[in-house]
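The values are calculated or read from the model by the stated rules, or taken from the named source; none is laboratory data. In this text, all values refer to a predicted model and were calculated from it rather than measured experimentally. Backbone-built Cβ (ideal geometry, glycine too); neighbour counts: all protein chains shown. We work out accessible area using only protein heavy atoms, side chains counted, and drop any ligands, DNA or RNA first. Shrake-Rupley method; radii C 1.70, N 1.55, O 1.52, S 1.80 Å.
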Amino acid sequence: MTYARIGSISVDQFIAAAPEKVWRALTDPELHAKWWAPGDIGPDVGREFRLEMPGFGSIPCRVVESEPPSKFVYTFNGDWTLAWTLVAEGQGTRLLLHHSGFDLDDKRQADACERMGPGWRDGVLPRLAKLDLG
């Protein structure tokens, strides 16, 4: 029996806003579109939604865990899982992202894992950190 090699990406970003405000940025469609992708995201477990990814189209997602304002987990494109953990830190929030489920034996998925790490770390999460969350 052989097992697939599964890859993941973990990113840690400090955001100068309370966990409740960061939670809104993760779960409110209008705010979400400002830092990552438009779509009909929402925090309810079982909710199925789509994120509109430029160049990739409409990506199906499903909420599997929701504990406001500390944990938000959803499937992304069927194979992957995005797990967001929010931890109060000083006057802000430490946001931890764990993007898992990459089949490293599949060249396309291995390439996606390699590309997405820097994308999350250097692009997407810094955009969220710069967003005025009031």
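A few points about this structure:
- The C-beta contact set for the range 60-78 (first residue at pLDDT below 95, second residue open to solvent by less than 60 Å² (accessible area, probe 1.4 Å), distance under 7 angstrom, 6+ apart or interchain) comprises ASN77/ILE59; ASN77/PRO60; GLY78/PRO60.
- Residues being in contact with a strand residue (DSSP E or B) (Cβ under 8 Å, 6 or more places away or on another chain) and closer than 21 Å to GLU67 by Cβ - total across the range 26-38: 5
- For the range 103-121, the condition of being open to solvent by 30 Å² or more (accessible area, probe 1.4 Å), in contact (Cβ under 8 Å) with a residue 12 or more places away in the chain and farther than 21 Å from ARG5 by Cα holds for at least one residue.
- Candidate set: the range 22-31, residues that are closer than 24 Å to GLN91 by Cβ and out of contact with any Gly (no Cβ under 7 Å at 6 or more places or on another chain); chosen: the one surrounded by the fewest Cβ atoms within 10 Å (Cβ to Cβ): ASP28
- Residue under evaluation VAL64, criteria (1) open to solvent by less than 60 Å² (accessible area, probe 1.4 Å); (2) of a type outside the set (S, T, N, Q); (3) part of a strand (DSSP E or B); (4) within 26 Å of PRO19 (Cβ to Cβ), criterion not met: (1)
- Hey, LEU125 in a strand (DSSP E or B) and in contact with a strand residue (DSSP E or B) (Cβ under 6 Å, 6 or more places away or on another chain) or not: no
- The condition of being more than 13 Å from the chain's Cα centre (by Cα) and among the β-branched types (Val, Ile, Thr) holds for only one of ILE15, ILE9, that being ILE15.
- Members of the range 35-61 that are assigned to a strand (DSSP E or B), open to solvent by 50 Å² or more (accessible area, probe 1.4 Å) and closer than 22 Å to ILE15 by Cβ: none
- Considering residues of the range 1-21 that are among the charged types (D, E, K, R) and either open to solvent by less than 50 Å² (accessible area, probe 1.4 Å) or out of contact with any Pro (no Cβ under 9 Å at 6 or more places or on another chain) (or both) only, the residue nearest to VAL63 (Cα to Cα): ASP12
- Evaluation of GLY39 against (1) in contact with an Asp or Glu (Cβ under 7 Å, 6 or more places away or on another chain); (2) over 18 Å from TRP84 (Cβ atoms) (one fails), failing number: (2)
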